[in-house]
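Below: one structure, written as C-alpha cells.
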Amino acid sequence: MDWLDYWPNGLSAIAHMSHDSDRNIDSQAELALKAFSEAGVRVTWCHCHPGGYSAATVAAIAAAGHEQAFHYNAMEDTPHDRWGIDHLAFQLAWVREITGEHVISNKNHYTRWEGWAEFYEWCDALGIELDQSRGPSKQGTVGFPFGSAHPSRPMLGLDHGNALANVLELPFHTQDLGYFADESVREPILDGVVAVHGVAHFLYHGANMEDHPAVAATVARTADDARRRGMEWWTAREINTWERSRRQVSVQRRAGGSGVSLITLTSPVEVLGLGLLTVAQDEANLVAVDTKTRRRLSVSRVVRHGIDHWLTTCDVPIDGVTIRFEVGAAE
C-alpha cells in the first residue's frame, strides 16, 4: 500500500501555537511578544473585535513574523459582536483592514458556537480557510475532547448532502499552561500527537500572562519540549498551505517488470519534500530513482501508526514525477 506522509521531509509531527488578543491591551501584547521571541516561535495571532491594538503593536506582530489572524467575537459586546454571517463578515473586513493582510485563519472568541455546521459555510463564503474553534474552553478540560490532532474538513448537514466543507478545522488541546491547566499535561499531549503524527496546538493569551506570570514562563518550555521530539513550529497559514497542497497529490503505481515498480505522483501545484510511504515487509534494501533526472532519492525506514514503512522523500513538480523502485537492490 502506498500513501502520502502527513508532513514534509520525514517530520513525524508538527507543533502550533496561537495567541488570542482578548482585551486588546498593548502592554499585554508586549508580554506575549517577548515570551514568543524568547521561545523562538512564530504564532498565529488572532485579533479580537472591538477596539484592537495600536497600529504600532499590529506592526510589531507582523515584524516578528507572526501570522495575522482573526478572533471572531459573537459575545454581544457591541451590536456587531453577534452570531451571524453579516457580523462575521463585518469583523473579518475589520481585521483585514487593521492588519493590511488577507487573513485566512480564525478562532472563535470563547469558542462560541451555534448550530451544526453553518459556520463552516460562512467561512467558505468569506475566504476563511482554516478554523481553530474546536478545543477545550473550560478550565481543567484539556487534551483531545474533539478526538483529533489532525486538520480535517468538517462535514456539512444533510441539506448539503453531507458534503465536506472547503475549510480545514484545526483543533487546539489546551491553553495558558500554568493557569488554565497544570503544566504537567504538556508531555502527554505532545506524546499523544507524535503517536498519531498530527499537530499539537497550544493556545496563549497575553492577558493571562499579565494576570498569571507563570503562564509566560511555560512558553519556552513548551517550545523546547516539542523540538526535543523532532517537531517543528508552524503557523496556521503554513499548515493550511501544506495540507491543501498535499491533498491535491495523486498516486498511481504500476509494475515495471523484474521486481521493479513505478510510482507516479501528479499534482496541480508544486509540492516540495513530499514523503511517499510504502509498508516495509522485510529487511531488504529499497532503491528509489527519479526516472526523469536519474537522481537517486532519499529512502529511510520510519514508523507510522506503529507499522514499519519505507519513506521516500521527493519534490513533486507541476508536471509530476515518476519514481522507479527496486526492492533488494544493493546500496
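The values are calculated or read from the model by the stated rules, or taken from the named source; none is laboratory data. These figures come from a predicted structure and were not determined experimentally. Virtual Cβ from ideal backbone geometry, glycine too; neighbours counted across all protein chains shown. Ligands, DNA and RNA are stripped out before the accessible areas are found, and what is left, the full protein with its side chains, is counted by its heavy atoms. Shrake-Rupley method; radii C 1.70, N 1.55, O 1.52, S 1.80 Å.
A few comments on the model shown:
- Checking each residue in the range 88-110 for being in a loop (DSSP other than H, G, I, E, B) and open to solvent by 60 Å² or more (accessible area, probe 1.4 Å) picks out Gly100, Glu101, His102.
- Which numbered condition Gly257 fails, given (1) surrounded by fewer than 16 Cβ atoms within 10 Å (Cβ to Cβ); (2) at pLDDT 95 or above; (3) not polar (S, T, N, Q): (2)
- Pick from the range 14-51, criterion outside any helix (DSSP H, G or I) and hydroxyl-bearing (Ser, Thr, Tyr), ranking: nearest to Val219 (Cα to Cα): Ser18
- Under the condition of being open to solvent by 60 Å² or more (accessible area, probe 1.4 Å) and over 22 Å from Gly115 (Cβ atoms), the residues counted in the range 142-181 number 2.
- Flag for Thr218 being in contact with a Lys or Arg (Cβ under 8 Å, 6 or more places away or on another chain) and surrounded by fewer than 16 Cβ atoms within 10 Å (Cβ to Cβ): no
- Test: residue in the range 137-149 that is free of Cβ contacts under 8 Å to residues at least 60 places away in the same chain, within 26 Å of Trp242 (Cα to Cα) and in a helix (DSSP H, G or I): no
One line per residue, one yes/no per condition, for (1) closer than 22 Å to Val199 by Cβ; (2) free of Cβ contacts under 8 Å to residues at least 12 places away in the same chain; (3) in contact with a helix residue (DSSP H, G or I) (Cβ under 9 Å, 6 or more places away or on another chain):
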{"site": "Val58", "(1), (2), (3)": "no, no, yes"}
{"site": "Val95", "(1), (2), (3)": "no, no, no"}
{"site": "Ile98", "(1), (2), (3)": "no, no, yes"}
{"site": "Trp113", "(1), (2), (3)": "yes, no, yes"}
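- Of all the listed residues (Ser27, Ser21), the sole one being open to solvent by less than 10 Å² (accessible area, probe 1.4 Å) and polar (S, T, N, Q) is Ser21.
- Within the range 245-254, the set of residues being open to solvent by 90 Å² or more (accessible area, probe 1.4 Å) and under 22 Å from Val167 (Cβ atoms) comprises just one member, Arg247.
- Condition met for Gly127 (surrounded by 15 or more Cβ atoms within 10 Å (Cβ to Cβ) and among the small types (Gly, Ala, Ser)): no
- Here the range 52-87 is the region considered, the condition is being in a loop (DSSP other than H, G, I, E, B), within 23 Å of Phe36 (Cβ to Cβ) and of a type in the set (S, T, N, Q), and the residue that is most open to solvent (accessible area, probe 1.4 Å) is Ser54.
- One residue from Leu262, Leu277 being open to solvent by less than 60 Å² (accessible area, probe 1.4 Å) and closer than 21 Å to Ala195 by Cα: Leu277
- Subset of the range 202-260 [among the β-branched types (Val, Ile, Thr) and either without any contact (Cβ under 8 Å) to a residue 12 or more places away in the chain or not in a helix (DSSP H, G or I) (or both)]: Thr235, Thr241, Val249, Val251, Val260
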